[in-house]
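The structure under discussion appears below in the form of structure tokens.
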Amino acid sequence: MSLYRDTGVVLRVQKLGEADRIITLLTRRHGKIRAVGKGVRRTMSRFGARLEPFGHVDLQLYTGRTLDVVTQVQTLDAFGAGLVDDYERYTAASAVLEAADRLTPEERTPAMRIYLLVVGALRTLANGEREPTLVLDAFLLRAMTQAGWAPALLECARCGEPGPHRAFNVPAGGSVCPTCRPPGSVSPAPETLELLSALLHGDWADAEAASAASRREGAGLVAAHVQWHVERQLRSLALVDRPGDDAPWPAEPERGADIASAGADPSPVAH
Amino acid sequence: MYEGPVQDLIDELGRLPGIGPKSAQRIAFHLLGAEPADVTRLQEVLQRVKEGVTFCDICGNVSEQATCRICRDARRDAALVCVVEEPKDVLAVERTREYRGRYHVLGGALDPLSGVGPDQLRIRELLGRIGGQYGGAEVTEVIIATDPNTEGEATATYLVRMLRDFPGLTVTRLASGLPMGGDLEFADELTLGRALSGRRSV
Ligand SMILES: [Zn+2]
Ligand SMILES: [Zn+2]
């Protein structure tokens, strides 16, 4: 039996038997791991609430035959406390966890950058300093960039022609120039692409000045971009609480089809 | 692997929550050696539970009739509603023998990671009930008794937001804190934090 120690964020918990849990953690050095927390669900558990989702913990584990087993846990940041008291923050933070889980598919493949992005996003959300949905979109854009799927925002995704360009095409990878533009591209407001660029680069003054319409359109583009590349729908994205947004959340785009949210271009240019 | 029906039984039992392969095997062989009358009784109960039990129209608890025993009981205070996640939580509160109001069973907790949002729970029914949709006595107090974990706390937060605009309605949350019989020094930060913020004067 070999012991090891790491810090990590609890991404997901599943029940195991009467009192145990399988805990999925994104760790600093070991990437994503799945481990058993014995007796976690008992009221008198020595782990208490430390192994709940959103917990940032310092933990010791031993390598088991199938799953590793948690032997000690200490809380570094109890982000959950600042998240569950606000439904907007809670739903945005849930989407951060689900996206992090999907973007780190292989267990034990180091993913330190994404780990750092997750901790940063949860800290900002828990502090309540910024609009939760903007924090989520900034996280998604940066995590996608780390995963090698940076959206093209200010240049053409196909030929690299500097923009800004009017058209956006999710399967193509973002903005597209008039020459490369595939059928079915959408035309988001120029302000929306500026917002996404500001979020990607951490330019909060510009991002927070964006209109509600831009934020909504930007969120739709980001969600479509993420879901296209991870090749599945993120369930929590549809449940993100967006204040004052009565419009239904855009459905997952069909491969090769328009993104409903970004306003379908009435006259796609034929090639 | 065993042959035919024995293995089928082990497989079926193994799909139940909290039963691993070893337990499934133990139960299967226990049933194999049990009196025929005992097995028949178990079979009948299983049949009845699927055919005869529904959910109460008012509170969502399991019930044999359209409305459950608690909702039909005129001695229970209809102005007081305790909101819980699951039917088993109704039993837990009933066991205290302290509570004389009614219940509302949500059917789970808000858990975006599992795809559970407000529309997947019986929240609309709760709001309708407080708004007097079912007639009868006016609800004056709602006690939120969701689980003291991440999803339960978030559900409580959401309910508070939805309920705060009802005029004259008192909304309370079960006190959460340290388990009786525990040691303060072993309490985790979250539990201790909740206990501190929910402290009462004595
Ligand atoms: Zn181009
Ligand atoms: Zn009832």
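Take the residues of the range B:48-72 that are loosely packed, with under 14 Cβ neighbours inside 10 Å and near ligand 2 (Cβ under 9 Å from one of its atoms): which is farthest from B:Val139 (Cα to Cα)? I'd like the intermediate steps shown before the answer.
Filtering the range B:48-72 down to residues loosely packed, with under 14 Cβ neighbours inside 10 Å leaves B:48-54, B:64-66, B:69, B:72.
Cutting the leftovers down to near ligand 2 (Cβ under 9 Å from one of its atoms) gives us B:69, B:72.
Details: B:Arg69: 19, B:Arg72: 16 Å.
Here the residue is B:Arg69.
Report whether or not B:Met180 is within 12 Å of chain A (Cβ to nearest Cβ) and in a loop (DSSP other than H, G, I, E, B). Considered against the rule, which asks whether it is within 12 Å of chain A (Cβ to nearest Cβ) and in a loop (DSSP other than H, G, I, E, B), B:Met180 comes out as yes. Would you confirm whether or not the range B:107-121 contains a residue that is in contact with a strand residue (DSSP E or B) (Cβ under 7 Å, 6 or more places away or on another chain), within 11 Å of ligand 2 (Cβ to nearest atom) and of a type outside the set (Val, Ile, Thr)? So far as the range B:107-121 goes, no, none of its residues is in contact with a strand residue (DSSP E or B) (Cβ under 7 Å, 6 or more places away or on another chain), within 11 Å of ligand 2 (Cβ to nearest atom) and of a type outside the set (Val, Ile, Thr).
Given B:Asp11, B:Asp57, B:Asp77, B:Asp73, which one is farther than 30 Å from B:Arg173 by Cα and acidic (Asp, Glu)?
On the way: B:Asp57 fails: farther than 30 Å from B:Arg173 by Cα; B:Asp77 fails: farther than 30 Å from B:Arg173 by Cα; B:Asp73 fails: farther than 30 Å from B:Arg173 by Cα.
None of the others qualify; the one that does is B:Asp11.
Here A:Glu18 meets each of (1) free of Cβ contacts under 8 Å to residues at least 60 places away in the same chain; (2) buried (at least 18 other Cβ atoms within 10 Å of the Cβ); (3) within 20 Å of B:Gly18 (Cα to Cα) with one exception, condition (2). Somewhere in the range A:140-151, is a residue in contact with a strand residue (DSSP E or B) (Cβ under 7 Å, 6 or more places away or on another chain), surrounded by 20 or more Cβ atoms within 10 Å (Cβ to Cβ) and not charged (D, E, K, R)? The answer is yes, given that some residue of the range A:140-151 is in contact with a strand residue (DSSP E or B) (Cβ under 7 Å, 6 or more places away or on another chain), surrounded by 20 or more Cβ atoms within 10 Å (Cβ to Cβ) and not charged (D, E, K, R). Taking every residue in the range B:63-90 that is more than 23 Å from B:Gly108 (Cα to Cα) and pairing it with any residue that is within 12 Å of ligand 2 (Cβ to nearest atom) and assigned to a loop (DSSP other than H, G, I, E, B), at least 6 positions away or on another chain, the pairs with Cβ-Cβ distances below 9 Å are B:Arg72/B:Gln65.
Do you know which of the residues in the range A:185-212 that are of a type outside the set (A, V, I, L, M) and within 16 Å of ligand 1 (Cβ to nearest atom) is nearest to A:Pro132 (Cα to Cα)? Before you say what the answer is, go through the steps one by one.
So in the range A:185-212, the residues of a type outside the set (A, V, I, L, M) come out as A:185, A:187-188, A:190-192, A:194, A:197, A:201-204, A:206, A:208, A:211.
Filter again for within 16 Å of ligand 1 (Cβ to nearest atom), leaving A:185, A:187.
Details: A:Ser185: 28, A:Ser187: 26 Å.
That would be A:Ser187.
For A:Val70, indicate whether it is assigned by TED's automatic domain parsing to the domain that holds A:Gly8 and either assigned to a helix (DSSP H, G or I) or in contact (Cβ under 8 Å) with a residue 24 or more places away in the chain (or both). Spelling it out, A:Val70 is indeed assigned by TED's automatic domain parsing to the domain that holds A:Gly8 and either assigned to a helix (DSSP H, G or I) or in contact (Cβ under 8 Å) with a residue 24 or more places away in the chain (or both). Being in a loop (DSSP other than H, G, I, E, B), in contact with an Asp or Glu (Cβ under 9 Å, 6 or more places away or on another chain) and within 28 Å of A:Glu88 (Cα to Cα) is a description that applies to B:Asp147.
For the range B:73-128, residues that are more than 14 Å from chain A (Cβ to nearest Cβ) and either surrounded by fewer than 17 Cβ atoms within 10 Å (Cβ to Cβ) or at positive phi (or both) total 17.
The values are calculated or read from the model by the stated rules, or taken from the named source; none is laboratory data. Only a predicted model underlies this, so the values are computations on that prediction, with no experimental measurement involved. No Cβ is skipped: glycine too gets one built from the backbone with ideal geometry, and neighbour counts run over all protein chains shown.
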